[in-house]
1. Within the stretch 122-139, restricting attention to residues that are polar (S, T, N, Q) and assigned to a strand (DSSP E or B), which residue is farthest from the chain's Cα centre (by Cα)?
2. Quick check on S160: is it assigned to a loop (DSSP other than H, G, I, E, B) and outside the structural domain of G74 (by TED's automatic domain parsing)?
3. Suppose we filter Y167, Y104 for residues that are outside any strand (DSSP E or B) and under 17 Å from E189 (Cα atoms); which single one remains?
4. Determine whether the stretch 63-81 contains at least one residue that is modelled with pLDDT of 85 or more, surrounded by 15 or more Cβ atoms within 10 Å (Cβ to Cβ) and assigned to a strand (DSSP E or B).
5. Return the total of residues in the stretch 170-189 being more than 13 Å from S126 (Cβ to Cβ) and assigned to a strand (DSSP E or B).
Amino acid sequence: MLLIIYGLITVLCGGLLAVMALFGADTDVDADIDVDVDVDVDVDVDIDGADIEVGEFGGPGILSFKLMLFFLIGFGLWGFIAEYAKWPVPHYIVGSGGGIVFWYLGYRLLKLLYQQQSNSQVRARSFIGKQARVTVPIPREGTGEIEAVDEGTGQSRYFSAQSLDSYKEYRKGETVTIKSVASGTATVE
């Protein structure tokens, strides 16, 4: 009877994980047993002129649904092997050890896959201090538009723009420096 239970755990969890992988079930469920606090950590570090932004830590949660499936596959497989081979170590201990090993391997695999994902989203703050081109003239005490290019991705981003000096105006095609960005409007000089 134990062999059937271990076999079902392995086959059902492995099948569910395979279906999720084949059909792109990329949503994940995390189980948290604590107080849920929303914290946004963003640290800007300037190392020898290279602007590095640390934040948005991507990766699998340690109790995510996929990792629970990896654990159950390892638990079922190694519990089945221990019971079938009549090892002297209790089957549930071998199964638990196998589950932990499979969980760890699954965690490393998912972490690698998350790191391979690209993100085309560029933060507006990353443009502060960068050069931009005026696309719609910026009048005195009014707004125009600028185009800034992210050096990392090569993508253009357009901002409404106003002059830092309210008596200065900028013509189309001029190059300006972005001093700040707030609510999608850049202040330029």
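The values are calculated or read from the model by the stated rules, or taken from the named source; none is laboratory data. Everything numeric in this text was worked out from a predicted model, so none of it was measured. All Cβ positions, glycine included, derive from the backbone under ideal geometry; neighbour counts span all protein chains shown.
1. Ranking the candidates gives T135 first.
2. no
3. After ruling out the rest, the residue left standing is Y167.
4. Yes - at least one qualifying residue is present in the stretch 63-81.
5. 9
This table checks each residue for (1) out of contact with any helix residue (DSSP H, G or I) (no Cβ under 8 Å at 6 or more places or on another chain); (2) under 30 Å from T10 (Cα atoms); (3) modelled with pLDDT of 95 or more.
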| position | (1), (2), (3) |
| --- | --- |
| D38 | yes, no, no |
| E53 | no, no, no |
| G59 | no, yes, no |
| G99 | no, yes, yes |
| G106 | no, yes, no |
| L113 | yes, yes, no |
| I138 | yes, no, no |
